[in-house]
Amino acid sequence: MTPRRLHVLAINGGSSSLKFGLFQVHGREASPHVTGEAQAIGSSAGLLRVRAGHDGSTLHEETVAVADNVQAFARIARLLAGMDVPRPDAIGHRIVHGGPHLLAHARIDAAVMARLETASAFAPLHVPAALAVVRAAQARFPDVPQVACLDTAFHAGLPEETRTLPVDRALLVDGVRRYGFHGLSCASILAQWPQAPPRLVIAHLGSGASITAVRAGRSVDTSMGMTPSGGVMMATRCGDLDPGVLAWLSRERGMDARTLERLVDHRSGLLGVSGISGDLRRLRQLERKEPAAKLAIGMFVLSVRKQIAAMAAVLHGIDALVFTGGIGEHDAQARADICEGLAWAGIRLDPARNRSGAQRIDDGDAACEVRVMPTEEERQICRDVHALLVGTGDIGGSGAG
């Protein structure tokens, strides 16, 4: 019998945090039982918080040392087992990169795991940690379907001219192409705004950041490339960089691949330029007295503005711009600074609405609608798990009944 409802546990791991949510899912509707996160993973003062789904009130909060994402998942699973919430019917995992041979969300079996292992080479900062959590979830819930929800899936249909990188064609067979990321975030925006106008630009701005051009609900271009290191300047990642810089560092400084990877992913971006922090909030506190902090902020704003303009060109105009992600949702000054140079594209903010936290922040007379919307990656994971398992008949029963 096709299930009407499923209880889906979404796992969304980052480099130092792990977000989760247990949702009741029925079609495209996903209602949270509980949500939460483990923060500052790897430190002695990590924070673990669980919130009630219906009102966001805190059900559990503790400061605890958590060594890695696997330990965080184990602690979360134990907490959920002690709460009055349903056992999950399925578990969905955010996987940043599926590699060249996995371009759609998939139920995880041995063959899919093998493909994801191969994909680790494309995103070594993200995929190995996510797969470690998958194995832990399989061990703890051996009878529960596990699903890989790919950030790259949203961009799988990129046109040939945008997915192809300008390198020797022989490299295409090895998977050298543009994949695009933050796909679950983009999909969640469209799920929240099904009537979005046809020419939409989504600016996902957080510690990782990307800009995506969406035409009639489909991704047609995006700032990140083969890996999540490219595109706009980020907290610790460089974004787009003259490839000659890497060749020079290799030739003149003797840097190997691992050292270069460490440089572009961990010692660049806001942190690299400022020499202080990759956290935009921290840099704002210091920008009046620290020229390097001011420079880093200005470079970040300019890189985002340039990419929004580029995506508007790809779309032959822009009907709407959405800000999402930690910076996009919460930093009114960043939004104002980015949009200040885009009046020519019909983007004009209402300063009071922008500061107030309203959803729609454009000047009412502007040609382009500008919105601030939450990224709902965990909710989107649950929708995608339900659609996959129900659509393929890979799960039976009736969930909550």
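Values quoted throughout were computed directly from the atomic coordinates according to the rules given, and no laboratory measurement underlies them. Since the model is a prediction, treat every value here as computed from it, not as a measurement. Note that each Cβ is placed from the backbone with ideal geometry, even for glycine, and that neighbours are counted across all protein chains shown.
In table form, for the structure just shown:
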{"read-out": "Förster radius 41 Å - calculated FRET efficiency between residue 103 and residue 333 (Cβ-Cβ, nearest 0.05)", "value": "0.60"}
{"read-out": "Ranked list, fewest to most other Cβ atoms within 10 Å of each Cβ, for 331, 151", "value": "331, 151"}
{"read-out": "Cα lying deepest toward the dipole's positive end in the chain, options 77, 226, 317, charges on Cβ", "value": "77"}
{"read-out": "Principal semi-axes in Å for region 143-299 [√(5λ), Cα gyration tensor, largest first]", "value": "29, 23, 15"}
{"read-out": "Loop trypsin sites (Lys or Arg not before Pro), region 241-294, which have at most 10 other Cβ atoms in a 10 Å radius of their Cβ (DSSP)", "value": "288, 289"}
{"read-out": "Partners for residue 294 among aspartates and glutamates (Cα-Cα distance below 16 Å; same-chain residues under 8 apart left out)", "value": "279, 331, 337"}
{"read-out": "Mean ellipticity per residue at 222 nm, deg cm²/dmol - from DSSP H runs of n ≥ 4 across the chain, formula -39500 (n - 2.57)", "value": "-11000 deg cm²/dmol"}
{"read-out": "Protection-proxy order for peptides 59-67, 337-345, each taking the mean of Cβ atoms within 10 Å per residue, highest first", "value": "337-345, 59-67"}
{"read-out": "Three-way shape label, region 6-157, alpha-carbon gyration tensor, a/c 1.5", "value": "oblate"}
{"read-out": "Whole-Å distance, taken between Cα centres, linking region 91-158 and region 172-189", "value": "13 Å"}
{"read-out": "Estimated dipole of the chain in Debye, rounded to 20 [Cβ of Lys and Arg +1, of Asp and Glu -1, Cα centre]", "value": "240 debye"}
{"read-out": "The chain, relative contact order [Cα under 8 Å, separation at least 6], %", "value": "17 percent"}
{"read-out": "Contour excess over end-to-end distance, with Cα ends at residue 248 and residue 113 and 0.36 nm allotted per residue", "value": "44.9 nm"}
{"read-out": "Projected label distance in nm at residue 216 and residue 288, using a 7 Å step from Cα toward the beta-carbon", "value": "5.1 nm"}
{"read-out": "Ranking of 25, 167 by count of other Cβ atoms within 10 Å, fewest first", "value": "167, 25"}
{"read-out": "Top positive-direction residue, dipole computed over region 273-350 with Cβ charges, set 333, 343, 296", "value": "296"}
{"read-out": "Value of relative contact order over region 194-372, rounded to a whole percent, pairs C-alpha under 8 Å and six or more apart", "value": "22 percent"}
{"read-out": "3J(HN,Hα) from dihedral phi, region 201-218, Karplus parametrisation 6.51/-1.76/1.60, rounded to Hz, x for glycine, proline", "value": "10, 10, 9, 8, 10, x, 5, x, 9, 8, 10, 10, 9, 10, 10, 6, x, 10"}
{"read-out": "Taking 319, 265 and counting other C-beta atoms within 10 Å, the order from fewest to most", "value": "319, 265"}
{"read-out": "Antiparallel DSSP beta bridges within the chain, percent to nearest 5", "value": "70 percent"}
{"read-out": "4 °C / 1.567 mPa s Stokes-Einstein diffusion coefficient of the chain, Kirkwood radius on C-alpha pairs, µm²/s", "value": "59 µm²/s"}
